[in-house]
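What follows is a structure written as structure tokens; I'll ask about it next.
The values are calculated or read from the model by the stated rules, or taken from the named source; none is laboratory data. Since the model is a prediction, treat every value here as computed from it, not as a measurement. Reconstructed Cβ throughout: ideal geometry from the backbone, glycine too, with neighbour counts over all protein chains shown. Protein only, heavy atoms only, side chains kept; ligands, DNA and RNA dropped before computing areas. Shrake-Rupley method; radii C 1.70, N 1.55, O 1.52, S 1.80 Å.
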Amino acid sequence: MTQSAAAQKPPATPRRLDPEDAQTALAEVQERLRRQQLVESLVHRQEEGDVKAPLVEDLVHRQHEAELKTLVDNLHPADIAFILESLPKDERQAIWKLVSPEHDADVLLEVEDWVRESLIEAMDRQDLVAATESMDADELADLAPDLPPDVVAEVQKGLTEEERAQLLEAMGYPEDSVGAIMDFEMVRVREDVTLEVVLRYLRRLHELPDHTDQIFVVDRQDKLQGILPLSRLLVSEPETEVRAVMNSDFLTLNPLDSDADAAGAFERYDLVSAPVMDDQGRLIGRVTIADVVDVMREDSQEQALSRAGLQEEDIFAPVSTALRNRAPWLLFNLCTAATASFVASQFEGTVSQIVILAFLMSIVAGIGGNSGNQTMTLIIRALAMGRITGRNLWQLVKRELFVTLLVGLCGSLVAALFAWVISRSLSIALVMMAAMVCNMLVGASVGVLVPMVRARFGKDPAMGSSVLLTFATDSLGFFIFLGLATIFLL
């Protein structure tokens, strides 16, 4: 009795998702690089007259390169990108040279912009053309700003007329728009054909475009008439016409819509893909969940950096680059800290007479900053999701102040008890309680106003918000606490 071909096929070896795989690979790459440098340094220390030293060094170098190449070749392009982002520039370039040419395009698309620039600089023109000529128009459009113009021109020569038009169209949209992230590869059918015809058409394709959950129904002018979910296609009778089972009620995007708005729509409606239509109603592309996840990740990273007044940079960038990025907001922070210290210095007489105040004032400032940070985080997130409008703004402000007041009253009781324990003064405890509530309200107010004002003027609501919040809660916290102490304790 013979076994079938399916039975003779070796069992699949599924790859379990493990976030530590990339970190493990990074640690192994770093260890191999360290050993290579160690051996090379030992060889260099040998006597100059030793003619075998260069041969030994070359042999060791080749052996380590072969080991590293074997390790890198077995990694997913996303893991290779993670390793490249985590290495200093010299080591990054050494590993990049070992990456197989077949992975070059995928790795370039996976790495962050600040790493991609250094990788492209290390590639010669022929390698760049080879890596990019297999890309789709939308992928090439993502890389085009970082590629030399002559490479883009050379790759364009190998594109079809339709692909060239798609590339130029994608490059013409603003960076943060739907048009810049949309995919041109999709399946379209007519509404007057049967599902059997659609199924035969799909079987003729080499493979379906990534994240295909629906087929787009268009007329002869490419105007979108409806969508046909794959789930409905599979369970409906083959003789049924497309128009009878397609959905006529569906969400569409415009290429000039914000990519953040598109991400919000995907989250709200649990979408896997969405069609992109121009102003004439023609289907020109689609956005998939993969594109949206990238947008969400980038927005999250930018927001985290913006709150500290930073811009995205290479963690191994030259010191001069890091200084240009960090110095402006640090200098501003220095000015705000100096202002807070100046405010405190104006109450030198009060602090000198009641020394315990010097130990308590930092608590007032710190709690006010934490309270404001909570409010600011909620506001920035609500702005990003588009949930704040002119109609609900005042209601939101009142709510945040009321919540802060309640939390402040509860927390100030604990702070007052602590102040009484270390000072044995009821007056100091009451002043501590009042100052803490007032400064928490200041923090909440600033936490609402700073993001709202910046958003009103078209600026990033998160940019430098933490620095401005610290300035307000420190300066006004010291002023309120020491001012109340001067009035009621002296």
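Given the peptides 276-287, 420-431, arrange them by the average over their residues of other C-beta atoms within 10 Å, most packed first.
276-287, 420-431
Carbon and sulfur together cover what percent of the accessible area of the chain at a 1.4 Å probe radius?
57 percent
Net charge near VAL217, counting Lys/Arg +1 and Asp/Glu -1 over other residues with Cβ under 9 Å of its Cβ?
+1
With N residues in the stretch 81-166, what two-decimal value do you get for its Cα radius of gyration over 2.2 N^0.38 Å?
1.07
Another question about this same structure. Taking the 0 to 90 degree range and rounding to the nearest ten, how far is the long axis of helix 113-122 tilted relative to the main principal axis of the chain, both from C-alpha atoms?
Once rounded, one gets 50 degrees.
Something else: Considering only protein heavy atoms, what per residue accessible area in square angstrom results for the chain with a 1.4 angstrom probe?
Values: 28140 Å² over 490 residues.
Accessible surface, normalised per residue, equals 57 Å².
What GluC sites (Glu not before Pro) in the stretch 200-283 are in a loop by DSSP, with at most 14 other Cβ atoms within 10 Å of the Cβ? Present the calculation step by step, with values, prior to reporting the outcome.
Working: sites: GLU207, GLU239, GLU241, GLU267; in loops: GLU207, GLU239.
When the GluC sites (Glu not before Pro) of the stretch 200-283 are filtered for loop state and at most 14 Cβ neighbours within 10 Å, GLU207, GLU239 remain.
Per DSSP H run of at least 4 residues, take -39500 (n - 2.57); add these up for the chain, divide by its residues and hand me the 222 nm value, nearest 500 deg cm²/dmol.
After summing the helix terms and dividing by residue count, I get -21500 deg cm²/dmol.
Further, regarding this structure: Ratio of Rg to Rh for the stretch 319-489, alpha carbon only, Kirkwood?
Using only Cα positions, Rg/Rh for the stretch 319-489 is 1.03.
Using the Kirkwood radius built from alpha carbon pairs, what does the Stokes-Einstein equation give as D for the chain at 37 °C and 0.692 mPa s, in µm² per second?
117 µm²/s
What percent does the relative contact order of the stretch 319-489 come to when contacts are Cα pairs within less than 8 Å and at least six residues apart?
Computed value for the stretch 319-489: 39 percent relative contact order.
With the radius of gyration and the Kirkwood radius both derived from the Cα set of the stretch 188-308, what is their ratio Rg to Rh? Walk me through the numbers on the way to the answer.
Working: Rg = 16.6 Å, Rh = 15.7 Å.
My calculation puts Rg/Rh at 1.05.
Let me ask something additional. Based on alpha-carbon centroids, what's the gap between the stretch 320-395 and the stretch 155-182 in Å, whole number please?
Comparing the Cα centres of the stretch 320-395 and the stretch 155-182, I get a distance of 45 Å.
Could you state the angle between the C-alpha long axis of helix 195-204 and the longest principal axis of the C-alpha atoms of the chain, as a value from 0 to 90 degrees rounded to the nearest 10?
Computed tilt is about 80 degrees.
Now for a separate question. From Cα pairs below 8 angstrom and at least 6 apart in sequence, can you work out the relative contact order of the chain, rounded to a whole percent? Display every interim value, and only then the final one.
Numbers: 586 pairs, mean separation 54.3, N = 490.
Relative contact order, the chain: 11 percent.
Would you mind checking the tilt of helix 319-345 against the longest principal axis of the Cα atoms of the chain, expressed as 0 to 90 degrees and rounded to 10?
Computed tilt is about 20 degrees.
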